[in-house]
Amino acid sequence: MTAFRLGTRGSPLALVQAEIVRDGLVAAHGIAVEIRVIKTTGDVVQDRPLAEVGGKALWTKELDRALLEGEIECAVHSMKDVETTRPPVITIAAILARADFRDRLIGAASIADLPAGATVGTSSPRRSAQLLRLRPDLTIIPFRGNVETRLAKLAAGEAEATLLAAAGLDRLGRPEVGMAIPIDLMLPAPAQGAIGVETRENDSRSRSLLAVLNHGPTRRSILTERALLAALGADCHSPVAALADDVGMLHAELFSVDGSAHVAGSHTDPHILANDLLDRAPTSIRSLFVRARSADSTIKS
């Protein structure tokens with residue numbers, strides 16, 4: 001029988017995540033699984049922030065094409081890199097058990113220990129805003145590339161510190177790198193730490209094979225966090241942090257770009273929480289969310 005073809009980006013972390021999915025399929029079904037690397041625009045364009053060059057679609061559009069054209073049976077993603085709205089012909093067949101969802105600070109023992117006026121490299125609007133809220137004296141510079149690229153930039157002195165996802169470092173065998181930041185200090189990105197596997201909606205065989213990898217509690221948390229993003233109208237310009245806990249409570253924070261304004265809340269319903277956050281947010285935050293911008297436009301017209 002032809003091998004089950006699994007598509008992935010070609011970064012070291014993406015390949016490790018693909019291997020986790022492959023090994024799970026082999027262990028569960030005893031089938032042959034072939035990993036196919038699909039080059040994405042996000043891997044090619046490394047000199048500009050994602051928000052300037054097409055957002056999260058840079059990570060998914062080539063994998064979507066390969067999936068819909070039948071080159072692969074499924075595509076493996078870091079769920080935080082997957083757009084909130086997906087084509088209806090593609091479905092999330094499995095979300096694996098979530099790893100450590102925290103951020104790690106590399107370059108200092110804690111955010112408080114960063115030198116006055118320190119330069120921190122990150123291209124994440126969320127991380128930038130969170131850092132500036134805690135330490136408005138910091139200078140934030142763009143930092144893109146895979147984990148090793150960013151660590152090399154740090155070692156070369158391009159910045160004094162950077163932030164990386166703990167899950168990615170752990171999966172790459174680098175658990176000793178950096179200091180985990182408590183979530184009461186920095187809430188993570190929605191869906192951070194979770195691996196998702198997509199397939200074609202009408203491909204019942206692939207959906208059945210992948211179902212064994214799905215982790216119910218993680219799936220509920222990730223879909224809840226993604227529902228909040230959809231309700232907010234968040235995009236790559238929107239500094240938003242969110243985490244659904246084990247008892248179904250969703251915690252979220254919205255920030256202005258410079259971190260000077262901030263609104264936080266918790267609720268079990270992502271739509272109620274989104275409305276509450278946007279209702280209480282100042283214009284410097286509301287303007288960063290598509291839904292709020294659309295509502296303001298409607299009111300003015």
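Could you please rank Lys80, Lys153, placing first whichever residue has the fewest other Cβ atoms within 10 Å of its Cβ?
Values: Lys80 22, Lys153 17.
Final ranking by Cβ density, sparse to dense: Lys153, Lys80.
What size of dipole, in debye to the nearest 20, comes out for the stretch 229-292 about its Cα centre when the only charges are +1 on Lys and Arg C-beta atoms and -1 on Asp and Glu C-beta atoms? Working shown, then result.
Working: 3 positive and 8 negative charges, 49 e Å.
Here the size comes out at about 240 debye.
Sequence-distant or interchain residues sharing an amide H contact under 5 Å with Ala94, placed H: which?
Long-range HN contacts for Ala94: Val197.
Pop the C-beta distance of Ala27 and Asp245 into the FRET formula with R0 = 45 Å and round what comes out to the nearest 0.05.
Working: r = 30 Å, r/R0 = 0.66.
The formula returns an efficiency of 0.90 here.
What's the FRET efficiency of Thr283 with Arg86 using the Cβ-Cβ distance as r and R₀ = 25 Å, to the nearest 0.05?
Taking R0 as 25 Å, the efficiency between Thr283 and Arg86 is 0.25.
Mean separation of Cα pairs under 8 Å and 6+ residues apart, divided by the residue count of the stretch 103-180: what relative contact order is that in percent? Walk me through the numbers before you get to the answer.
Values: 110 pairs, mean separation 36.8, N = 78.
For the stretch 103-180, the relative contact order is 47 percent.
Build a GNM of the chain with springs between Cα atoms under 10 Å: which of Ser204, Ser78, Ser287 gets the top mean-square fluctuation?
Checking each option, the largest mean-square fluctuation is seen for Ser204.
Under the definition of Cα pairs under 8 Å and six or more residues apart, what whole-number percent is the relative contact order of the chain?
Details: 596 pairs, mean separation 61.0, N = 301.
Normalised by residue count, the contact order of the chain is 20 percent.
Rounded to the nearest 500, what is the chain's calculated 222 nm mean residue ellipticity when only DSSP H runs of at least 4 contribute -39500 (n - 2.57) each, over all residues?
Counting only the DSSP helices, I get -10500 deg cm²/dmol.
Please report Glu201, Glu160 as a ranked list, fewest other C-beta atoms within 10 angstrom at the top and most at the bottom.
With the sparsest Cβ surroundings first, the list reads Glu201, Glu160.
Under a point spin-label approximation (7 Å from Cα along Cα-to-Cβ), what is the Ala3-Leu185 distance to one decimal in nm?
Going from the Ala3 label point to the Leu185 one covers 4.4 nm.
Across the stretch 254-265, in residue order, what do the Karplus-derived ³J(HN,Hα) couplings come to in whole Hz, using 6.51 cos²θ - 1.76 cosθ + 1.60 with θ = phi - 60° and x for Gly and Pro?
Residue by residue, the stretch 254-265 yields 10, 9, 7, 4, 8, x, 6, 10, 7, 9, 9, x Hz.
Tell me, what is the percent relative contact order of the stretch 229-292, built from C-alpha pairs under 8 Å that lie six or more residues apart? Spell out each step's value before the answer.
Working: 106 pairs, mean separation 24.2, N = 64.
Value for the stretch 229-292: 38 percent.
At 0.36 nm per residue, and after removing the present C-alpha to C-alpha distance, how many nm does the segment from Ala264 to Leu134 gain when stretched out fully?
Details: separation 130, 0.36 × 130 = 46.80 nm, distance 1.48 nm.
Fully extending the segment from Ala264 to Leu134 adds 45.3 nm.
Mind giving me the FRET efficiency for Leu15 and Val212? R0 is 22 Å, r the Cβ-Cβ distance, nearest 0.05 is fine. If you can, show how the numbers build up before the last one.
On the way: r = 22 Å, r/R0 = 0.98.
E between Leu15 and Val212, to the nearest 0.05, is 0.55.
Within the set of other residues whose C-beta is less than 14 Å from the C-beta of Asp100, count the net charge using Lys and Arg as +1 and Asp and Glu as -1. Working shown, then result.
Details: positive: Lys80, Arg98, Arg102, Arg104, Arg171, Arg174; negative: Asp103, Asp170, Glu176.
Charge balance in the 14 Å sphere: +3.
Taken together, the values in this text are just the output of simple stated rules run on the coordinates, not laboratory data. In this text the structure is predicted, and so the values were computed from the model without any measurement. Here the Cβ is made from the backbone with ideal geometry for all residues, glycine too, and neighbour counts use every protein chain on show.
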